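Undergrad: Handing you a structure now.
The values are calculated or read from the model by the stated rules, or taken from the named source; none is laboratory data. All values reported here derive from a predicted model rather than from experimental measurement. A quick note on method: Cβ atoms are made from the backbone with ideal geometry, for glycine too, and the neighbour counts reach across all protein chains shown. Surface accessibility is based on the protein's heavy atoms, side chains included, excluding ligands, DNA and RNA. Shrake-Rupley method; radii C 1.70, N 1.55, O 1.52, S 1.80 Å.
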Amino acid sequence: MTPYDSFTYFGFLLYPLLAIVLLGLLRLNRMPVILVAGGLMLIFQYVDPLGTAAQQLDGRRQLLFLAGYAIGGVLLIELFALLRQRSKASPFFFLAIGLALLPLFIVKIYPLLARHGVLGLGVQFSLPAAGSTATGNVGLFDLVGFLGVSYMAFRLIDVIIAVRDGAVKGVPNPFTMLTFLTFLPTISAGPIDRAQRFAADLKRLPLCWHAVLADIEYGIGRIAQGFLYKFVIAALIYRHWLEPASHASGFGGELRYMYAYSLYLFFDFAGYSAFAIGTARMFGIRVPENFNLPFISRDFREMWNRWNMSLSFFLRDHVYMRFLLFARRKRWLGGNRDALHYAGLLLTFGLMGCWHGLSWHYIVYGIYQAVMMIGYDIAGRWNLRTGFIPKGWPTDVTGWFLTTNLFCFGLLIFSGHLSV
């Protein structure tokens, strides 16, 4: 069962939320409660009792891999933290990152290899589902992966880096780490949280009753926002604009599809994020925001400080900044700050594109975003030197118009519609 994707899901989500709210009002909402309640809901979510036998079979496979990845991730964190205490962690840092990313790498690379017939190895399976036996053939690497593997990988990487940097002191509590890795509201598609911030929220629990009521009020408001965005606005855009535009041809058809898809993607994704943030608040956890009025941005730097912020800030902190520090220390590209800055942008956004998938349109999308960031940076530096473009509202409006349209074109690339 896909989270936040249907009214049926919310019907079943209501029961654990009511239990969490009641326990919160009784000051019994602590980390073990969140772990157990989230775990039970994950079992229901992946092993969908309303699904077909094939869907239930696939759900059990995903659930087993999720559990194995989460437990293995916790063991990896604990081992790395022990090595860090003994000043022996540095040689194993990249090994730990590699192990954390290995399942995600397999999930991303396997479809590409399978399409070209590189991986043809299959295995037999036979598992009971809904009172019957489902059997068949699957690729060996089809057994790896689950809904949300990318986001769990990011959480695991965040903890490993925090341990290496000393931001997380000592050996983390394994149950805290397991709760962080498997936190139900955000496990499938974010927003991407940070281990230190999440652990600090857990330490605040249990909250006093008026704080619980404030969280309930806020959570209900965000969930209502999610319904408005996803099930009303996004649904109307899809039905009356995006779907007709997908069958249109010519430049006008592409232009209509570009704007329709951009708005649909925003309201759908922002609605999902609102659901996750609101649900998490019911648990007493303050998940970071993902969107902040992105379409009022006047340049691409501002856009990426407003669009999918949790992913943008994660990549900025863990990829771009670390590449820049390492490259400057090694004096790559002669230590030229501008050249290293642009190389870091290409690396960061290129990885972002690959993270979405290894299809050409995702990779081109990532490179396109980097090129736009570089172009805006060069233009901004040139204008500072020359003062050619005066400051004021006409410049701001022009910047907004260009940024919005160029960003929407990037989303058109991302959609894959241009490949049709």
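Undergrad: Straight-line reach only, C-alpha to C-alpha below 16 angstrom: list the aspartates and glutamates that Lys330 could link to, leaving out same-chain residues fewer than 8 apart.
TA: Once the sequence-local aspartates and glutamates are set aside, what remains near Lys330 is Asp338.
Undergrad: Let me ask something additional. Among Asp193, Asp377, Asp5, what's the order by accessible area (1.4 angstrom probe), most exposed first?
TA: Descending accessible area places them as Asp5, Asp377, Asp193.
Undergrad: From largest to smallest, what semi-axes in whole angstrom does the range 318-420 give when each is the square root of 5 times an eigenvalue of its alpha carbon gyration tensor?
TA: Ellipsoid half-lengths, sorted descending, are 25, 24, 9 Å.
Undergrad: Another one. For the range 181-249, what does the alpha-carbon gyration tensor say about shape, rounded, prolate or oblate, given a ≥ b ≥ c as the root eigenvalues, a/c under 1.5 as rounded, and a/b over b/c as prolate?
TA: Cα axes put the range 181-249 in the oblate bin.
Undergrad: Right, next: Based on the mean of other beta carbon atoms within 10 Å per residue, what is the order of 392-404, 342-354, most packed first?
TA: Top of the packing list down: 342-354, 392-404.
Undergrad: So what's the back-of-envelope 222 nm ellipticity for the chain, counting only DSSP H runs of four-plus at -39500 (n - 2.57) apiece and dividing by all residues, rounded to 500?
TA: -22000 deg cm²/dmol
Undergrad: Can I ask one more? What fraction, in whole percent, of alpha-carbon pairs in the range 133-256 exceed 26 Å separation? It would help to have the intermediate numbers written out before the result.
TA: Numbers: 4021 of 7626 pairs.
Tail fraction, whole percent: 53.
Undergrad: Classify the chain from the C-alpha gyration tensor, please: rounded if a/c falls under 1.5, else prolate or oblate depending on whether a/b exceeds b/c.
TA: Note, shape of the chain comes out rounded.
Undergrad: With each pseudo-label sitting 7 Å past Cα toward Cβ, what's the Ala339-Ile106 distance in nm, one decimal?
TA: 4.1 nm
Undergrad: At a Förster distance of 45 Å, what's the computed FRET efficiency of Ala214 paired with Lys88, Cβ-Cβ distance as r, to 0.05?
TA: Working: r = 45 Å, r/R0 = 1.01.
Rounded to the nearest 0.05, the efficiency is 0.50.
Undergrad: In terms of Cα to Cα distance under 29 Å, which lysines are near enough to Lys108, apart from those fewer than 8 places away along the same chain?
TA: Lys230
Undergrad: Next question, about the same structure. At 1.4 Å probe size, with no ligands or nucleic acids counted, give the accessible surface of Phe313 in Å², nearest ten.
TA: Accessible surface of Phe313 is approximately 60 Å².
Undergrad: Now a separate question. Please give every one of the lysines within straight-line cross-link reach of Lys169, meaning a C-alpha to C-alpha distance under 17 Å, and leave out same-chain neighbours fewer than 8 residues apart.
TA: Within the straight-line limit of under 17 Å, Lys169 reaches these lysines: Lys88, Lys203.
Undergrad: Let me ask you something else. Binning at 5 Å from 0, report for the range 2-61 what percent of all alpha-carbon pair distances ends up in each bin.
TA: Going from the shortest bin to the longest, the percentages are 4, 17, 24, 21, 16, 10, 5, 2, 0.
Undergrad: Find how many whole Å separate the alpha carbon centroid of the range 257-283 from the alpha carbon centroid of the range 1-32.
TA: 20 Å
Undergrad: Taking 0.36 nm per intervening residue step and subtracting the Cα-Cα distance, what contour gain separates Ala53 from Tyr15 on full extension?
TA: 11.2 nm
Undergrad: If you don't mind, another one. Between the range 83-99 and the range 388-420, how far is it from one alpha carbon centroid to the other, in angstrom?
TA: Each part reduced to its Cα centre gives a spacing of 43 Å.
Undergrad: Compute the accessible area per residue over the chain, keeping the other protein chains in place, probe 1.4 Å, unit Å².
TA: Working: 20760 Å² over 420 residues.
Per-residue accessible area for the chain comes out at 49 Å².
Undergrad: Return the loop-located trypsin sites (Lys or Arg not before Pro) in the range 349-408 (DSSP other than H, G, I, E, B) with at most 12 other Cβ atoms within 10 Å of their own Cβ; answer none if there are none.
TA: The qualifying sites are Lys391.
Undergrad: While we're on this one: With a 10 Å radius around each residue's Cβ, average the other Cβ atoms per peptide and rank 79-91, 20-32, highest first.
TA: Ranked by mean Cβ neighbours within 10 Å, highest first: 20-32, 79-91.
Undergrad: Here's a follow-up. For the range 322-329, what does the Karplus curve 6.51 cos²θ - 1.76 cosθ + 1.60, with θ = phi - 60°, yield as ³J(HN,Hα) per residue in whole Hz, taken in order and with x for Gly and Pro?
TA: Residue by residue, the range 322-329 yields 6, 4, 4, 5, 5, 5, 5, 5 Hz.
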